[in-house]
Amino acid sequence: MSAHLTQHRIAAALAAAIQPEGERPWTLLLTKPPRTHVDVRSVIYRAEHPEDVYFLPETDEPTRQAEASRARIVQDLARRDGYLAALSAAEHILSRTPVLPVRVDVSLAEWDNGPHITLTFHQDPAAVRRFAAHVGTEVTERPHSEKSVRTETFGATESGISFEAYTLTDAPAVTE
């Protein structure tokens, strides 16, 4: 999860949030808010599947729901941090790359360990090669379909944000 996910930020986010009705007040919870992806998912799972948690001490439904809503807020904070870090990394890449892509996408699935940047070049393998040379990554080509070839490179920024750059081009005609 986010390196900026401090207890102070979590407390501020909880103070600004409206707690759902029927939950134990967050201030009365005896547990600390989860700060890792595994812990967040575990707390949410326990609230959604109380019948599966036979090995943990019994907690009442209002407590489980309060812990889960608090965990969702932590998850959202971490995801927001991930998006902002990826957007910052994309800005850094775009400000220095010798070739500009036609599309830049930032994605972050809830179950991922971090964000991902995708740079797409329009039918331009040379641009992907120039980009890869600039960032120090290897280029590979592989069939994408019967009619196209994908030229791609993968890497990570200094801040650990993963990226890929690719283009699709027509596959060479097969002579019989």
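The values are calculated or read from the model by the stated rules, or taken from the named source; none is laboratory data. The structure displayed is predicted, hence computed values, not measured ones. FYI the Cβ positions are ideal-geometry reconstructions off the backbone, even for glycines, and counts take in every protein chain you see.
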Handout entry: The listed residue being of a type in the set (Asp, Glu), under 17 Å from residue 110 (Cβ atoms) and not assigned by TED's automatic domain parsing to the domain that holds residue 107, out of 52, 39
Key = 39
Handout entry: Residues satisfying the stated conditions in segment 75-106, i.e. modelled with pLDDT of 95 or more, surrounded by fewer than 16 Cβ atoms within 10 Å (Cβ to Cβ) and either under 20 Å from the mean Cα position of the chain (by Cα) or within 23 Å of residue 14 (Cα to Cα) (or both)
Key = 87, 88, 91, 92, 94, 103, 105
Exercise for the section: Please find, within segment 163-176, the residue that is modelled with the lowest pLDDT out of those that are out of contact with any Phe, Trp or Tyr (no Cβ under 7 Å at 6 or more places or on another chain) and polar (S, T, N, Q). Expected result: 175
Problem - Residue check, residue 9 in a helix (DSSP H, G or I) and more than 30 Å from residue 128 (Cβ to Cβ) - result: yes
Practice task
Check whether at least one residue in segment 38-46 is closer than 30 Å to residue 156 by Cα and loosely packed, with under 12 Cβ neighbours inside 10 Å, and report yes or no.
Solution key: yes
Practice task
Could you tell me whether segment 142-151 includes any residue that is charged (D, E, K, R), within 30 Å of residue 41 (Cβ to Cβ) and modelled with pLDDT of 95 or more?
Solution key: no
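Yes/no per residue for (1) outside any strand (DSSP E or B); (2) free of Cβ contacts under 8 Å to residues at least 40 places away in the same chain:
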residue: 110; (1), (2): yes, yes
residue: 117; (1), (2): no, no
residue: 126; (1), (2): yes, yes
residue: 134; (1), (2): yes, yes
residue: 141; (1), (2): no, yes
residue: 145; (1), (2): yes, yes
residue: 165; (1), (2): no, no
